[in-house]
1. Which one is most open to solvent (accessible area, probe 1.4 Å) among residues in segment 213-222 that are within 18 Å of Ala143 (Cα to Cα) and not hydrophobic (A, V, I, L, M, F, W, C)?
2. Counting just the residues of segment 24-58 that are small (Gly, Ala, Ser) and surrounded by 15 or more Cβ atoms within 10 Å (Cβ to Cβ), which one comes out farthest from Tyr71 (Cα to Cα)?
3. For Glu125, all conditions in the list (1) open to solvent by less than 60 Å² (accessible area, probe 1.4 Å); (2) of a type outside the set (Gly, Ala, Ser); (3) touching a residue at least 12 places away in the same chain (Cβ under 8 Å) hold save one; what is the number of the exception?
4. Between Phe132, Phe158, Phe196, Phe210, which is buried (at least 19 other Cβ atoms within 10 Å of the Cβ), at pLDDT below 90 and not small (Gly, Ala, Ser)?
5. May I ask you to list the residues in segment 223-232 that are touching a helix residue (DSSP H, G or I) at 6+ places or on another chain (Cβ under 6 Å) and open to solvent by less than 20 Å² (accessible area, probe 1.4 Å)?
6. Exactly one of these conditions fails for Leu111: (1) assigned to a helix (DSSP H, G or I); (2) within 24 Å of Lys137 (Cβ to Cβ); (3) open to solvent by 60 Å² or more (accessible area, probe 1.4 Å). Give me its number.
7. Quick one: which of Asn69, Asn155 is closer than 30 Å to His208 by Cα and touching a residue at least 24 places away in the same chain (Cβ under 8 Å)?
8. Kindly establish whether Asn80 is open to solvent by 20 Å² or more (accessible area, probe 1.4 Å), under 20 Å from the mean Cα position of the chain (by Cα) and free of Cβ contacts under 8 Å to residues at least 40 places away in the same chain.
Amino acid sequence: MPPRRKQELKEADWPPERTIRVLKQQREALQSFRGKTFREVDHEEQEWSEFTLSALIHGFGEGSQNVSNYYSARSAGVHNIMGVSDFQRQKNFELRIERYQATLSSSIRELEVMLPEADLRGAYESGDDFAFYLDLKGILMSAAREVFIIDNYLNADFFELYVTPIPAGASVRILTDQLKGNLEIVAKKFAARGQFELRSSNRVHDRHVFVDGRGWMIGQSIKDAGKTKPTYMVEIGAPLVPAVQKIYEDIWAGGIAVVKT
């Protein structure tokens with residue numbers, strides 16, 4: 001009897017850009033499962049699971065570590081051949097969501113470092129506020145783990161334009177001084193996403209953004225950048241980022257907690 005041919009594993013056949021787009025969509029769709037029971041989303045989770053697996057295979061290949069990580073996430077929790085209680089099934093479901101989130105975020109990040117990095121404008125003339133918005137929004141949307149924003153003058157529009165697009169799996173911290181208008185009210189509404197904190201301190205004077213260990217210095221307050229005056233946004237050299245961020249971590253530690261989840 002002739003030996004069976006070993007089934008060949010599927011190779012990756014999607015370009016990184018397509019895989020990133022689809023995985024981000026799946027990561028966003030995953031957020032709709034949070035706060036629900038496993039029974040409520042059983043059918044939706046099954047569809048989500050099958051499509052996400054397909055996307056990972058297309059993007060990384062069937063034998064990739066990314067697909068292996070996905071299988072591990074799918075089987076997260078406590079299982080028993082005799083079955084488990086509904087309480088444990090719910091715990092498994094909640095853990096599964098967190099593991100899925102981590103797998104997607106790490107896979108997206110892995111693909112993003114393969115892409116040629118888009119050049120920031122860096123310097124923005126008066127009236128270049130839209131170019132500034134696109135550049136900063138792109139930086140914030142790339143977050144996989146954490147975002148730390150320091151700016152003295154923020155408003156409610158800042159949340160809609162810049163904070164809302166940050167991926168749900170990333171923690172967000174904002175340090176400011178001026179709590180004007182309905183900023184605090186909007187911050188409390190946004191805090192429902194989880195992993196969010198807003199603090200105030202009168203020691204805040206500059207504008208910085210830190211994302212996953214990288215940092216940028218901004219010439220004007222984010223809400224007004226490039227509108228009526230020229231401004232800039234430049235990346236801090238990697239060796240200096242820890243020292244610069246520590247300055248603001250110390251201010252953060254002594255700041256007043258305004259909103260926290």
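1. Arg214
2. The residue in question is Ala55.
3. (1)
4. On the way: Phe132 fails: at pLDDT below 90; Phe196 fails: at pLDDT below 90; Phe210 fails: at pLDDT below 90.
Of Phe132, Phe158, Phe196, Phe210, the one residue that is buried (at least 19 other Cβ atoms within 10 Å of the Cβ), at pLDDT below 90 and not small (Gly, Ala, Ser) is Phe158.
5. Ala225, Gly226
6. Condition not satisfied by Leu111: (3).
7. Working: Asn69 fails: closer than 30 Å to His208 by Cα.
Every option except Asn155 fails the conditions.
8. no
The values are calculated or read from the model by the stated rules, or taken from the named source; none is laboratory data. Computed from a predicted structure; not experimentally measured. Don't worry about glycine lacking a Cβ; one is built from the backbone with ideal geometry, like all the others, and counts go over all protein chains shown. With ligands, DNA and RNA removed, areas are computed over all heavy atoms of the protein, side chains included. Shrake-Rupley method; radii C 1.70, N 1.55, O 1.52, S 1.80 Å.
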